[in-house]
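The values are calculated or read from the model by the stated rules, or taken from the named source; none is laboratory data. Treat the numbers as computed from the prediction; the structure is a model and nothing was measured. Neighbour counts are summed over all protein chains in view; Cβ atoms, including those assigned to glycine, are modelled from backbone coordinates with ideal geometry. Heads up: the accessible areas ignore ligands, DNA and RNA and are worked out on the full protein's heavy atoms, side chains in. Shrake-Rupley method; radii C 1.70, N 1.55, O 1.52, S 1.80 Å.
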Amino acid sequence: MGVMKRFEQRLEGLVNGTFAKVFKSEVQPVEIAGALQRECDNNATIWNRERTVVPNDFIVELSTPDYERLSPYSGQLGDELSGLVRDYAKQQRYTFMGPIKVHLEKAEDLDTGLYRVRSRTLASSTSQAPERAPAGPPAPVSPQGRAPGGYGYPPAAVPPMPAAPPPG
């Protein structure tokens, strides 16, 4: 990841974290949607000229007050956020290895208004065909990296990537 990209991510994290702490604002679903889009961009993997794979399994960690406020709607909110990620992926010509899932979790170490997004790419079972955005020229992809406040799963928990993309 380039020096400027890291600087930009740190600056964004600082500004967002500072405002959230000072103003004690609650996390809004639109903020989560933006974070999921950044997580896709930052973790896009180019397989070939026509296929850029992005994460399809997301965990959004929320502070206790934000989690308690949003958890009653977690199923509906997860479906809505999954749809927004799917729409964004179509615009960017991204591909998924399996169904998109968004889960909310409580994180005791976060203050109100702060959140973290973790993501990974999970292949679908053989009975399910992977979701796929329409083929076309690849969209520009930012270098591998993490969005501010976004953390990938520990490497040991990520299944190994196949040697070649699945037929499609």
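Being among the acidic types (Asp, Glu) and surrounded by fewer than 18 Cβ atoms within 10 Å (Cβ to Cβ) is the filter here, so list the residues in the stretch 25-40 that pass it.
Glu26, Glu31
Taking interchain pairs and intrachain pairs at least six residues apart, which have beta carbon atoms under 6 angstrom, with the first residue in the stretch 40-65 and under 19 Å from Arg93 (Cα atoms) and of a type in the set (Lys, Arg) and the second outside any loop (DSSP other than H, G, I, E, B) and open to solvent by less than 10 Å² (accessible area, probe 1.4 Å)?
Arg51/Thr95
Which one is least open to solvent (accessible area, probe 1.4 Å) among residues in the stretch 44-72 that are of a type in the set (Ser, Thr, Tyr) and under 17 Å from Tyr115 (Cα atoms)?
Filtering first and then ranking leaves Ser63.
Specify the residue that is modelled with the highest pLDDT; the eligible residues are those in the stretch 21-35 that are more than 16 Å from Arg118 (Cβ to Cβ) and assigned to a loop (DSSP other than H, G, I, E, B).
Per the stated criteria, the residue is Gln28.
Can you report the number of residues in the stretch 75-101 which are closer than 15 Å to Gln28 by Cα and crowded, with 17+ Cβ neighbours inside 10 Å?
4
Among the numbered criteria (1) at pLDDT 95 or above; (2) in a loop (DSSP other than H, G, I, E, B), which single criterion is violated by Thr112?
Unmet for Thr112, out of (1) at pLDDT 95 or above; (2) in a loop (DSSP other than H, G, I, E, B): (1).
Before we move on, is Tyr73 more than 17 Å from the chain's Cα centre (by Cα), among the hydroxyl-bearing types (Ser, Thr, Tyr) and not in a strand (DSSP E or B)?
yes
If a residue must be without any contact (Cβ under 8 Å) to a residue 40 or more places away in the chain and either closer than 20 Å to Glu80 by Cβ or among the polar types (S, T, N, Q) (or both), how many such residues does the stretch 100-124 contain?
Result for the stretch 100-124: 1.
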